Amino acid sequence: MRKMFMGVILMVGMGSGCWADLAEAERAMMRYDFATARSILLPMAEAGDPRAQVLLADVASLNYPGDPVEVEKWLRKAAAQGDAEGQRRLSIFLGRSKSSEALEWLERSAAQGNASALTDLGVKLTYGEDCPIDFQKAARCFAQAAATGDGIAQAWYGDCFRLGQGVPPDDERAYFWLKLAVDRDERVRGKDWERDLGRIASRLSQSQRDRLDKEVSEWQPSSSAPPPDTDPASSPSRK
């Protein structure tokens, strides 16, 4: 749970212009002092701060036994203001019970470049969850999120090249993106992606692996991810 709070803090509260009160509320959440966190966040959320609204939804969700009505209320307020993270979280909250609306909010978040939303949308498009299967669009979503440095998106994008889904099959590109994800994101290690990387590596020559490993070590996230309609076979570029 502590890791969950840290993720919320980094994602929601530590942007530019972060208020001291917001930071204090986050520290209270780290102590599991939800009553204090709520007392700090409530006036901020009522004043229209989407960061406070998303955090207040977390408080309502995590404070046993949870209050789904309150969670939905604050996520909807954040999402309605155009907050990308609020839109993504609302999509998750709605889930299968309101799948059409959930997909709409996810698409809105992805359109703003939210890497997690882009990855989630890519997965839905890959498996046809609440939408038709569209491998090319899925690959574009993964490409855009991968360019920002998101390891899960990079692993999915590598899979696109491994399987030839939405892009031409390409062992070198598959190796590059999977290697990048495995090396830099602990969430990817020990999963099927790491085993797939080993299989691809066995099909490449030593000189190919050496060159690609150098490119992986030098790669940096893009400050401006390519738009979602960019050809995924050429973007994001290796750096």
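The values are calculated or read from the model by the stated rules, or taken from the named source; none is laboratory data. All figures in this text were calculated on a predicted structure; none of them were measured in a lab. Heads up, the Cβs are rebuilt from the backbone with ideal geometry, glycines too, and the neighbour counts pull from every protein chain shown.
From the list Ala174, Ala155, Ala181, Ala147, the one residue that fits, being within 17 Å of Ala110 (Cβ to Cβ) and at pLDDT 95 or above, is Ala147. Against the test of being buried (at least 18 other Cβ atoms within 10 Å of the Cβ), part of a helix (DSSP H, G or I), assigned by TED's automatic domain parsing to the domain that holds Arg88 and touching a residue at least 24 places away in the same chain (Cβ under 8 Å), the options Trp105, Trp177 yield a single qualifying residue, Trp105. Set side by side, the residues Val167, Val182 differ, and just one is assigned to a loop (DSSP other than H, G, I, E, B), buried (at least 22 other Cβ atoms within 10 Å of the Cβ) and on the phi < 0 side of the Ramachandran plot, which is Val167. Note on region 56-80: residues that are touching a Gly at 6+ places or on another chain (Cβ under 9 Å) and modelled with pLDDT under 95 amount to 1. Of everything in region 125-150 that is surrounded by fewer than 22 Cβ atoms within 10 Å (Cβ to Cβ) and under 13 Å from the mean Cα position of the chain (by Cα), the residue that is farthest from Glu186 (Cα to Cα) is Thr148.
Can you spot a residue in region 88-95 that is at pLDDT below 95 and assigned by TED's automatic domain parsing to the domain that holds Ile152? No, because not a single residue in region 88-95 is at pLDDT below 95 and assigned by TED's automatic domain parsing to the domain that holds Ile152.
Yes/no per residue for (1) without any contact (Cβ under 8 Å) to a residue 12 or more places away in the chain; (2) of a type in the set (Gly, Ala, Ser); (3) within 20 Å of Gly95 (Cα to Cα); (4) part of a loop (DSSP other than H, G, I, E, B):
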{"site": "Met29", "(1), (2), (3), (4)": "no, no, no, no"}
{"site": "Tyr32", "(1), (2), (3), (4)": "no, no, no, yes"}
{"site": "Arg38", "(1), (2), (3), (4)": "no, no, no, no"}
{"site": "Leu42", "(1), (2), (3), (4)": "no, no, no, no"}
{"site": "Gly48", "(1), (2), (3), (4)": "no, yes, no, yes"}
{"site": "Val54", "(1), (2), (3), (4)": "no, no, yes, no"}
{"site": "Ser61", "(1), (2), (3), (4)": "yes, yes, yes, no"}
{"site": "Tyr64", "(1), (2), (3), (4)": "yes, no, no, yes"}
{"site": "Glu72", "(1), (2), (3), (4)": "no, no, yes, no"}
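Examine region 80-93 for a residue that is assigned to a helix (DSSP H, G or I), more than 26 Å from Met44 (Cα to Cα) and over 16 Å from the mean Cα position of the chain (by Cα), and state whether such a residue exists. Checking region 80-93: not a single residue is assigned to a helix (DSSP H, G or I), more than 26 Å from Met44 (Cα to Cα) and over 16 Å from the mean Cα position of the chain (by Cα).
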